[in-house]
1. Could you tell me which residue of region 63-96 is nearest to the chain's Cα centre (by Cα), considering only residues that are of a type in the set (Gly, Ala, Ser) and within 14 Å of LEU279 (Cβ to Cβ)?
2. Considering every residue within region 13-23, establish whether at least one is farther than 24 Å from ALA151 by Cα and crowded, with 16+ Cβ neighbours inside 10 Å.
3. Could you give every pair whose Cβ atoms fall below 8 Å, whose first residue belongs to region 42-58 and is closer than 20 Å to GLY251 by Cα, and whose second residue is outside any strand (DSSP E or B) and among the hydroxyl-bearing types (Ser, Thr, Tyr), counting only separations of at least 6 or pairs across chains?
4. Condition first: in a loop (DSSP other than H, G, I, E, B) and either surrounded by fewer than 20 Cβ atoms within 10 Å (Cβ to Cβ) or assigned by TED's automatic domain parsing to the domain that holds PHE230 (or both). Can you find one or more residues in region 159-168 that meet it?
5. Scan region 114-126 and give yes if some residue there is at positive phi, at pLDDT 90 or above, surrounded by fewer than 21 Cβ atoms within 10 Å (Cβ to Cβ) and in a loop (DSSP other than H, G, I, E, B), otherwise no.
6. Can you tell me which residue within region 177-220, out of those that are assigned to a loop (DSSP other than H, G, I, E, B) and hydroxyl-bearing (Ser, Thr, Tyr), is surrounded by the most Cβ atoms within 10 Å (Cβ to Cβ)?
Amino acid sequence: MNPTKPQLRGWRAAELAGNDRWIFDAKPDLTESTPQELAAWLAPVVTELKYGWGVAWIRGLGELPEARLRRLFLAIGRTIGEPDTTYGELYDVTDTGACHLQRAIPVSQTRASTTMHTDSSQHTTHPRWVGLACVSQAPEGGGSGLASAVAVHDHLACHQPQALRRLHRCFHRDLVTPGGSRERQKRLANRFAVFQQAADGPSLRYMRQWIETGHARLGKPLAEADRQAFDQLDAALNDPRFRHPLRLEPGDLLFCDNHKTAHDRDAYRDDPAAPRLMLRLWLNDVMEDR
């Protein structure tokens, strides 16, 4: 961790809604840029992600064919950070017809609501940024939400300090990465805190579903105080004062700081002729790994 990195300031939903500093309009001819030209255009995007609010929405690429959108999305991601290849550089987020409540699979492979969360329930994988590119949207549902983990942490510190202390404790997480080991010893080792205090401020790692199933599979019941702490965290993350709703349209790209921002996806109804498809990038901060 780079100890000199400034702390990102927490934001509330009204601030995000009332300010377009994190929204960037692009043109399809961006695909024809040289790497140097692309890096220059992206400079304010990278600044906003690393030193601003930790979120950036790029719009205006709806005219691009899917193949060109994929190439541009990956090129942009490589300018922001180093792609994490746990799921491959680009991962298709689409409904497979399976249910995460019946099988240990990522919720991204279903059309269910994800609830407010950060990405990756595996202790050894913690991407700094998550990128989403919308190829096709659902006709009903499928909207997204963002919430500042920093602002929620500060809110809990003021109003629910006992719950926050609980959330700084370590919890087991279920293992859902396709192809990965799900042995008991691996689950026992897959244990970390919901909130941690990093050099650049509070950091969140949370998806309630995988904490609850992880403890259940290990036969280690959560205490009632733990569940109450999760309730308080969920309430804050979903509070309209903190959660900013948005809907990605084809050609939109969204990036967020996976350590400082929680996100979600509403349940959706698909169009069989044109299924909802998002592309996902996980990006590591190369500077933090040094």
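1. Of all residues in region 63-96, those of a type in the set (Gly, Ala, Ser) come to 67, 75, 77, 81, 88.
Checking the rest, the ones that are also within 14 Å of LEU279 (Cβ to Cβ) come to 67, 75, 77, 88.
Details: ALA67: 24, ALA75: 19, GLY77: 14, GLY88: 16 Å.
Applying the filter and picking the extreme gives GLY77.
2. Keep residues of region 13-23 that are farther than 24 Å from ALA151 by Cα, which gives none.
There is no residue in region 13-23 that is farther than 24 Å from ALA151 by Cα and crowded, with 16+ Cβ neighbours inside 10 Å.
3. Pairs that qualify, where the first residue is closer than 20 Å to GLY251 by Cα and the partner is outside any strand (DSSP E or B) and among the hydroxyl-bearing types (Ser, Thr, Tyr), are LEU42/THR79; VAL46/THR79.
4. Checking region 159-168: at least one residue is in a loop (DSSP other than H, G, I, E, B) and either surrounded by fewer than 20 Cβ atoms within 10 Å (Cβ to Cβ) or assigned by TED's automatic domain parsing to the domain that holds PHE230 (or both).
5. Looking only at region 114-126, we keep the residues that are at positive phi, and these are 115, 120.
From what's left, at pLDDT 90 or above: 115, 120.
This time we only want the ones that are surrounded by fewer than 21 Cβ atoms within 10 Å (Cβ to Cβ), so: 115.
Next, from what is left, pick out any that are in a loop (DSSP other than H, G, I, E, B): 115.
Yes; the residues of region 114-126 include at least one that is at positive phi, at pLDDT 90 or above, surrounded by fewer than 21 Cβ atoms within 10 Å (Cβ to Cβ) and in a loop (DSSP other than H, G, I, E, B).
6. From region 177-220, those assigned to a loop (DSSP other than H, G, I, E, B) are 177-183, 190, 194, 199-200, 205-207, 219-220; that's our starting set.
Within this subset, residues satisfying the condition of being hydroxyl-bearing (Ser, Thr, Tyr) are 177, 181, 206.
Details: THR177: 16, SER181: 9, TYR206: 23.
My answer is TYR206.
The values are calculated or read from the model by the stated rules, or taken from the named source; none is laboratory data. Everything quoted here is computed from the prediction, not taken from an experiment. Neighbour counts are summed over all protein chains in view; Cβ atoms, including those assigned to glycine, are modelled from backbone coordinates with ideal geometry.
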